[in-house]
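Right, one structure below, let's go through it.
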Amino acid sequence: MIVFDQVTKVYSTGNTILDNVSFHIKEGEFVVLTGPSGAGKTSIGRLLIRDLLPSSGSIKIEGADLAELKSGQLSDLRRKVGVVFQDYKIIPDKTVFENIALALEIISYPGKQIADRVHHLLDLVGISDKDNLFPIQLSGGELQRAAIARAIVSEPKILFADEPTGNLDDTTAREIYQLLLAIHNLGTTVIMSTHNEKFLPGHRHIHLEKGKIVADTASSSLPASATKLQVGHPKEKHKKADD
């Protein structure tokens, strides 16, 4: 499904953030990326949505080379790949409801169904009572849940979560992990970058150092159980943009 083939990324400063990185992620995998700050984890997520282009090598998703996509195809790619950003990227002067509604408007979701869809997503991630609050009124865990809700508005086939448990207490971090696991159990391919080694067992683990893969360990056991979630609309599943 996802193929990185000898990918190198060198920034204009001359800093090499990824150095000849190759891996293949199958549809439906849950992959944990680890490595120190600056190892290249965030850059992998940015490359997946073509926010960056590789300096050399190729990246393919479902056989399509991202470097060859035309500008009109970028929106389709970004519906296919949802991203939970490390800094949330929640708009501060909009309520939680408005943040999710805006994401739905961007993907041309039917206007009459937006309110139902927003409430469903907020219920899904466990913050249905926070819809009219502004980001500054939320805890870190609540902000992360809002970011996850926004990332899955288009029912993406791939979800990249960049340090989703960073700066959270152990209980909240476990709850966020369980939410991602439940989304994965629906068939979504999940890539999670983290420093928390508690989430490694049961998953494929790719470890990066100085832009290189130094370990790629296959899953040795089944993932922990999680409550099943219905990501689609509760009454009528919205047709995916890439169907």
> Taking the convex hull of the alpha carbon atoms in the range 53-172, what volume per residue do you get, in Å³?
Replying inline: 134 Å³
> Counting only protein heavy atoms and using a 1.4 Å probe, what share of the accessible area of the chain belongs to carbon plus sulfur, as a whole percent?
Replying inline: 49 percent
>> Quick check for you: with a 1.4 Å probe and neighbouring chains kept, what is the accessible area per residue of the range 103-176, in Å²?
In response: 42 Å²
>> For Cα pairs less than 8 Å apart in space and 6+ apart in sequence, what is the mean separation divided by the residue count of the range 1-58, i.e. the relative contact order in percent?
In response: 43 percent
>> Between ALA215 and HIS195, what is the label-point separation in nm under the 7 Å Cα-to-beta-carbon projection?
In response: 1.7 nm
>> Using a probe radius of 1.4 Å on heavy atoms only, what accessible surface per residue do you get for the range 43-87? Whole Å² is fine.
In response: 48 Å²
>> As I understand it, the value is the acute angle between the Cα axis of helix 140-151 and the longest principal axis of the Cα atoms of the chain; what does it come to in degrees, rounded to 10?
In response: 80 degrees
> Across all directions of projection, what mean area in square nanometres is found for the Cα convex hull of the chain?
Replying inline: 13.1 nm²
> For the chain, what proportion of DSSP beta bridges, expressed in % and rounded to the nearest 5, is antiparallel?
Replying inline: 50 percent
> Can you run phi through the Karplus equation (6.51, -1.76, 1.60; θ = phi - 60°) for the range 79-85 and list ³J(HN,Hα) in whole Hz, with x for Gly and Pro?
Replying inline: 7, 7, 10, x, 10, 9, 7
>> Could you identify which residue out of TYR11, TYR88, TYR109 has the top mean-square fluctuation in a GNM of the chain using Cα springs shorter than 10 Å?
In response: TYR11
> Across the range 1-124, how many lysine pairs separated by 8 or more positions, or lying on different chains, have Cα atoms within less than 17 Å?
Replying inline: 7
> Of ILE213, ILE127, ILE91, which has the largest mean-square fluctuation in a 10 Å C-alpha GNM of the chain?
Replying inline: ILE91
>> As I understand it, the dipole of the range 1-157 uses +1 on the Cβ of Lys and Arg and -1 on the Cβ of Asp and Glu, about the Cα centre. Which of SER56, SER43, LEU18 lies farthest toward its positive end?
In response: SER56
> How much solvent-accessible surface does ARG204 expose, in Å² to the nearest 10, with a 1.4 Å probe and all protein chains in place?
Replying inline: 30 Å²
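The values are calculated or read from the model by the stated rules, or taken from the named source; none is laboratory data. Bear in mind the structure is a predicted one, so any value in this text is a computation, not a measurement. In this analysis, Cβ positions are derived from the backbone assuming ideal geometry, glycine residues included, and neighbour counts consider all displayed protein chains. Only protein heavy atoms, including side chains, enter the accessible area calculation; ligands, DNA and RNA are left aside. Shrake-Rupley method; radii C 1.70, N 1.55, O 1.52, S 1.80 Å.
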